Amino acid sequence: MSQQKHVVVIGGSVSGLGAGLALAKDGHRVTILEGDSAPMPESHVEAFEQWERRGSPQTRHSHALLARLRNLIRDHAPELLDKLRACGAGELAFSDMVRRVAPDAELLPGDEDVVLIACRRVTFEWVLRRHVLDTGLVDFRDGVRAAGLVAEPGSPPRVTGVRIEGEAPLQADFVVDASGRRSKLRDWLEEVGSAPIREESEPCGIFYTSRFYRLRDGVDAPMMEGPIVGEDLGYLKIGLFPGDARIFSITLAASPDDDALRAVLHKPAFEAAASALPQIAAWVDPAISEPISDVHAMANLKNTRRFLVEDGAPCVTGFAAIGDALLHANPITGRGCSLAWVSAFELAAALAEHPEDPRAVVLAYDAAVEREVVPWYLLQVQQDRDAIEVNQAQRRGEDPFQVVREDGTNNPKAFMRSVIREGLLPAIRSDVTVMRRFMRLMNLLDPPNDLMSDPAFFGRIVACYNQRHEREAAREGPRRKEMLDILESAA
Ligand SMILES: Cc1cc2nc3c(=O)[nH]c(=O)nc-3n(C[C@H](O)[C@H](O)[C@H](O)COP(=O)(O)OP(=O)(O)OC[C@H]3O[C@@H](n4cnc5c(N)ncnc54)[C@H](O)[C@@H]3O)c2cc1C
């Protein structure tokens, strides 16, 4: 392989475009194939109203764009950050959060890295695509759908191109699959002689709804403690995501088998639920904002990972998957776009490091994914399993936070849940040290080692937990039964 290659990227969404930028900057000739035949609207305003992105339906959902993504943009494509700002994207800085909670607290070096981007996903993708097109470095072909791969046989096979629906195959030195969560990579690779590709997949335990609102002219946004609202009532997860241009979105998510909660898929019930939740009620007050979209829904959400290296050996060379095609997890923690870009830039680094060695590229990339991406996936899998248990216990009428069991023994799982709920969560709101560690973790800036295993950190949390009886109980929102009554009245 020569230093500069022809790289064909399948999928022109967040990860495909990120890969396009990273690879073109390294001098590679990049062709992006995007299956959706959806002409780009004239502006990001029209994009929200008209852009049919059927291939990436989550484009219509709430998105948090975390600091890890923002910093990759800042470091590799600063002009893109300027273009996002010019379209009304905001920046949600940790330093502002500190000033609200503890005006005299000292800011530390590194705090300037903790900044999220407030921007609708559709605006982000529109500006990103426009930017990539404007660089002139990438051949972006929309309405062109990959149908499979071309490979030289061998052990392992080496991918040498892409089969395209209705066209001749396209030759490539390297193929990147950025075709999202529904990627057909397992079929494609097996068709060209790879060993079977292993896939792990399990439900996230939620369905997801999003509705967008615009703040009324002249009205200030209600106060928020953090950069976004994220609260888990057990039976219902609540999110509020500031976007660009005075637009924000609200997400309500619940268990797919909680039939009664499905009422939130309909506008009246969604509004009634949002108005009954103290965390977000002020935002949906008709005097403050007006809804500007339907309630969008997404179900069948899974945590899924695909393995392209087994026992230290690549299943194929000349090929890698990035973003959701490689792995995707519960969207509620807002990590997907950041990890998509991390994987795209790690792949570019592996290609730069091993220009002449196809096997080493795959192994170096796999090692980077194991280090930078997989730990977040595993954390999510573990958290979702626990959240499903909490939800099921609550629906059986049990208290999943009850530390001492009926038989007098201690329930360590319930204890940890209580420490998180009555120690960690209040500490995040009041203790700047805890807030900083948590925000760095939430924004993927520190590795997801168990924070609770750090004795100094755990000490602060326990101190806060031990004061739980001295604090006024936080009003979390209606219990499930109350919420069901609210939904029924609205229906
Ligand atoms: C409901 C929901 C909410 C989310 N919220 C957040 C959030 O708050 N923050 C966050 O960071 N992430 C969030 N995510 C995750 C995030 O949206 C994804 O991680 C991200 O979109 C991954 O980008 P991608 O480019 O890998 O895949 P996608 O965005 O799915 O794009 C895949 C692209 O490939 C194209 N394609 C597919 N097949 C072919 C083919 N055969 N040939 C050519 N093109 C093809 C599709 O048309 C599409 O454009 C959310 C996801 C969901 C489902």
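Coordinate-derived values only; no laboratory data. It should be emphasised that the depicted structure is a prediction, and the values quoted were computed from it without experimental measurement. In this analysis, Cβ positions are derived from the backbone assuming ideal geometry, glycine residues included, and neighbour counts consider all displayed protein chains.
Computed from Cα positions, the angle between helix 14-25 and the longest principal axis of the chain comes to roughly 50 degrees.
Each of MET439, MET223, MET483 was scored by other Cβ atoms within 10 Å of its Cβ. Listed from fewest to most, they are MET223, MET439, MET483.
Phi-derived couplings, Karplus 6.51 cos²θ - 1.76 cosθ + 1.60 at θ = phi - 60°, listed residue by residue for the stretch 69-84: 5, 4, 6, 5, 5, 4, 7, 10, 8, x, 5, 5, 4, 4, 5, 5 Hz, with x used for Gly and Pro. Packing, taken as the mean count of other beta carbons within 10 Å per residue, orders the peptides 226-238, 390-402 from highest to lowest as 226-238, 390-402.
For the peptides 151-158, 422-429, the ranking by mean Cβ contacts within 10 Å, running from highest to lowest, is 422-429, 151-158.
Under the convention that each Lys and Arg Cβ holds +1 and each Asp and Glu Cβ holds -1, the size of the dipole of the stretch 250-398 around its Cα centre is about 260 debye. Listed by chain and number, the lysines whose C-alpha is less than 23 Å from the C-alpha of LYS184, apart from same-chain residues fewer than 8 away, are LYS302.
Evaluated with a Cβ-only charge set (Lys, Arg +1; Asp, Glu -1), the stretch 362-490 carries a dipole of roughly 280 debye about its Cα centre, given to the nearest 20. Give the percent of DSSP beta bridges with both residues in the chain that are antiparallel, rounded to the nearest 5. Bridges in the chain are about 75 percent antiparallel. Counting every other Cβ atom within 10 Å of each residue's Cβ, ASP384, ASP454, ASP173, ASP113 order from fewest to most as ASP454, ASP113, ASP173, ASP384. Sorting 94-104, 407-417 by average packing, meaning the other beta carbons within 10 Å per residue, from highest down gives 94-104, 407-417. Per-residue ellipticity at 222 nm from helix content only, as computed over the chain with -39500 (n - 2.57) for each DSSP H run of at least four residues, stands at -11500 deg cm²/dmol.
Between the amide H of ALA151 and those of THR160, distances stay under 5 Å, these residues lying 5 or more places away or on another chain, with hydrogens modeled in the peptide plane. Put the Cα centre of the stretch 224-264 next to the Cα centre of the stretch 62-140 and the gap is 22 Å. Residue pairs exceeding 20 angstrom between C-alpha atoms, taken from LYS237/LYS267; LYS413/LYS481; LYS5/LYS25: LYS413/LYS481.
Which FRET efficiency value, to the nearest 0.05, is calculated for ARG429 and ALA360 with the Förster distance at 41 angstrom and r the Cβ-Cβ distance? The partial results should precede the final answer.
On the way: r = 47 Å, r/R0 = 1.16.
The pair ARG429/ALA360 has a calculated efficiency of 0.30.
Assign unit charges at the C-beta atoms only (+1 for Lys and Arg, -1 for Asp and Glu), then state the dipole size of the chain relative to its Cα centre in Debye, rounded to the nearest 20. Let's see the in-between values first.
On the way: 57 positive and 73 negative charges, 80 e Å.
That gives the chain a dipole magnitude of about 380 debye.
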